[in-house]
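This report concerns only the one structure given below.
Read-outs: derived from the displayed coordinates by stated rules, not from any lab. The structure displayed is predicted, hence computed values, not measured ones. When we count neighbours, we look across all protein chains shown, and the Cβ atoms used for this are built from the backbone with ideal geometry, even at glycine.
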Amino acid sequence: MTQMSDRWDEYADSYAEWSSRQTLPYAKHALDLVNIGERAKILDVATGDGAFALEAAARHPTSSIVAIDYSSAMIDILDERIKERGLGAIISTKVGDAQALDFPNDSFDCVAVVFGLFLMTDGLQCLQEIHRVLKPGGTLVFTSWGQTFVSDLVFGALLAIDPEAAMKRVLFKCTNVAKPGTWNNHDWIREKCLNAGFGSPEIHVVSHPTQVHVNEKDSFAKMLGGGPGIRFLMRAEGWTEENSKRVEEGLAVALNGLFDSGVENVYLVSSANVVICKNE
C-alpha cells in the first residue's frame with residue numbers, strides 16, 4: 001500500500017514475535033477498563049500481531065471482531081494465530097487504512113487502537129474515522145507510550161556510536177519531557193479526542209515490564225533496530241542518517257551492557273497511557 005506498510009511487511013515476523021510480549025499486557029489492561037456487552041461488534045485498528053483482538057475473543061466469545069492493519073504480512077501472521085486458536089468464527093481480518101476506514105457509519109460498539117496512532121501520518125484523521133464508525137454511546141480505547149525502555153535503549157545506542165550527539169539529546173530532553181504535539185502528552189491527547197468529536201477522555205497511566213533473556217539480546221537488537229517503530233522514534237529524536245545506519249550496532253552495545261553483571265534476565269520497564277473515549 002505504501003513504503004511504510006512495505007517496511008512493516010519486511011519485519012512482520014520479528015515484530016510479531018516480540019510485540020506479543022511487549023504489547024499484550026497493555027491490551028489486557030485496556031480490556032479490563034472497557035465494558036463490552038454480549039454480542040458486541042468490535043474493531044481492532046492497526047491490529048499488528050492481534051494482541052487485542054485475540055484477547056477480546058477469548059474474553060467475549062459471543063462478540064464479532066474485525067481486525068485491520070495496513071501490513072498484509074501482519075494480517076497473514078494474525079490469520080495463522082486465529083486458525084491455531086480456532087477463533088475464525090469470531091475474528092475476521094482485512095488489510096485496511098486506519099485513516100480511511102471501509103465501514104459504514106455507526107458500525108461498532110467498541111474500537112481499539114493498541115500503539116498505532118502515534119505511527120500514523122494523521123492521527124486526528126484516524127480518530128475522526130473511528131468516531132464515524134462507532135455507534136452512539138460506543139467506546140474507543142487506545143494506547144500510547146509514555147516513558148518507554150525503547151527510548152532509553154535508543155539513547156544508549158546513540159551514546160555508543162556518537163557520544164557528542166547523545167550529550168546534545170540529554171540537554172534537550174531535560175526541558176522537553178512529554179512535549180506538546182506528541183501522543184504521550186495528556187493535553188495533546190485530550191485535544192485530539194475532543195476535536196474528533198469524542199467526550200473528555202479518561203487517561204490511565206500503567207506500567208509493565210518486558211523480560212529479555214541473555215540468549216535473546218541479539219535478536220532483540222535486530223528486531224528493534226530494523227522495525228519501523230524505532231525508525232519513527234529516531235526521526236523524532238533527530239538522529240542523523242549516518243547514525244541511523246548504525247543503530248543495530250549501537251543497540252547491541254547497549255544491550256550487552258545490561259548483561260555485564262552476569263545476570264541471565266533483565267526486565268525492561270515501560271509506561272503507557274490507556275485512553276478511554278465515549279462517542280457521546
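Observations
- A straight Cα-to-Cα reach below 14 Å connects K135 with the aspartates and glutamates D106, D109, E280, residues fewer than 8 places away in its own chain not being considered.
- Computed [θ] at 222 nm, helices only, for the chain once each DSSP H run of length n ≥ 4 contributes -39500 (n - 2.57): -14500 deg cm²/dmol
- The relative contact order of the chain comes to 22 percent, based on Cα pairs under 8 Å that sit 6 or more residues apart.
- In this structure, the residue pairs whose Cα-Cα separation is over 30 Å, taken from K28/K278; K28/K245; K168/K245, are K28/K245.
- Considering only F103, F198, F142, the Gaussian network model of the chain with Cα springs below 10 Å gives its largest mean-square fluctuation to F103.
- Computed from phi, the 3J(HN,Hα) profile of the range 46-57 under the Karplus parametrisation 6.51, -1.76, 1.60 (θ = phi - 60°) reads 6, 5, x, 7, x, 3, 5, 4, 5, 5, 5, 5 Hz, with x in place of Gly and Pro.
- Axis of helix 72-85 versus longest Cα principal axis of the chain: the two differ by about 70°, to the nearest ten degrees.
- Using the Cβ-Cβ distance between H204 and V170 with R0 = 35 Å, the FRET efficiency computed as 1/(1 + (r/R0)^6) comes to roughly 0.75.
- Assigned charges on the beta-carbon of Lys, Arg, Asp, Glu; the range 127-280 dipole about Cα centre (debye): 520 debye
- Between the listed residues P61, I82, I130, the Cα displaced farthest toward the positive end of the dipole of the range 25-150, a dipole computed from Cβ unit charges relative to the Cα centre, is found at P61.
- Reachable aspartates and glutamates, given that their alpha-carbon falls under 15 Å from the alpha-carbon of K222 and they are not under 8 places away in the same chain: E10, D13, E17, E248, E249
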